[in-house]
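Student: Please see the structure below; I have some questions.
Laboratory data are not the source of any read-out in this text; all were calculated from the coordinates shown. Predicted model only: the values in this text are computed from it and were never measured. Every residue, glycine as well, gets a Cβ built from its backbone with ideal geometry; the counts of neighbours run over all protein chains shown.
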Amino acid sequence: MGGVGADGGVVCPVGGGVEAGRIDARLAELGIILPDVAAPVAAYVPAVRSGNYVYTSGQLPFIDGVLPCTGKVSDGQGERDDVAFHEVSLEVAADCARTAALNALAAVKALVGSLDLVVRIVKVTGFVASVPTFTGQPAVINGASTVLGEIFGEAGVHSRSAVGVAVLPLDSPVEVELIVEVV
């Protein structure tokens, strides 16, 4: 477990040493700037802490308050309903999942003060608005899983669900929520 080191620095559970800002340094190394916490679109908060766990609300892939795309994920195969929709490719949707995961991390950081307090990413739940014939939801949510692994290393390895749904809030193609263990 982590805590406060002899010199007053944070003992980082992810790195095992006294390295305040280790995860911020890793983010910078990866060229990642965490966004501001996205404002809730309804009556909820972005994240809550219960004991040593932080549960994020479902995060959409907002960039500066705007969804980069809307619609349903499709591989372009199979029959489509007569209902018109914006088609989103698997690659674009995976990038949206990455962005949504970063938004979730921003909510965690805002709540606990530092991502150095993260012991592990416990679970990722990803929702993918997709056409009925699309079955690549796990590949879409890999966008979230991959970036969490890049940031946290072994502590970013997690359990996961990738669920296909008919529609998501604001016609977002992806929504991601996290369960994170912290000290």
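Student: Report the full-extension gain for the segment Val122 to Ile32: residue separation times 0.36 nm, less the Cα-Cα distance, to one decimal in nm. Don't skip to the end; give the middle numbers.
Tutor: Working: separation 90, 0.36 × 90 = 32.40 nm, distance 2.14 nm.
The Val122-Ile32 span can extend by a further 30.3 nm.
Student: Counting only other residues whose beta carbon sits under 12 Å from that of Ala47, what net charge do I get with K and R as +1, D and E as -1?
Tutor: Details: positive: Arg49, Lys109; negative: Glu177.
So the environment of Ala47 carries a net charge of +1.
Student: Under a point spin-label approximation (7 Å from Cα along Cα-to-Cβ), what is the Ser50-Thr135 distance to one decimal in nm?
Tutor: That separation, rounded to one decimal, is 3.5 nm.
Student: Order 32-44, 90-102, 154-166, 48-60 from most to least packed using the mean count of other Cβ atoms within 10 Å. Write down the numbers at each step before the final one.
Tutor: Working: 32-44: 12.6, 90-102: 23.4, 154-166: 14.6, 48-60: 16.9.
Descending mean neighbour count gives 90-102, 48-60, 154-166, 32-44.
Student: Calculate, for Ala25 and Arg160, the FRET efficiency according to 1/(1 + (r/R0)^6) with r their C-beta to C-beta distance and R0 25 Å; round to the nearest 0.05.
Tutor: Details: r = 26 Å, r/R0 = 1.05.
That gives a FRET efficiency of 0.40.
Student: Calculate the length of the line joining the C-alpha centroid of region 121-183 to that of region 30-79, in whole Å.
Tutor: First find each Cα centre; the distance between them is then 10 Å.
Student: Can you pull the one-decimal nm distance between simple spin-label points at Thr70 and Ala39, each 7 Å off the Cα toward Cβ?
Tutor: 1.7 nm
Student: Test of understanding: what is the full-extension gain from Glu150 to His86, defined as 0.36 nm times their sequence separation minus their Cα-Cα distance? Don't jump to the answer; show the numbers that get you there.
Tutor: On the way: separation 64, 0.36 × 64 = 23.04 nm, distance 3.07 nm.
Between Glu150 and His86, full extension yields 20.0 nm more.
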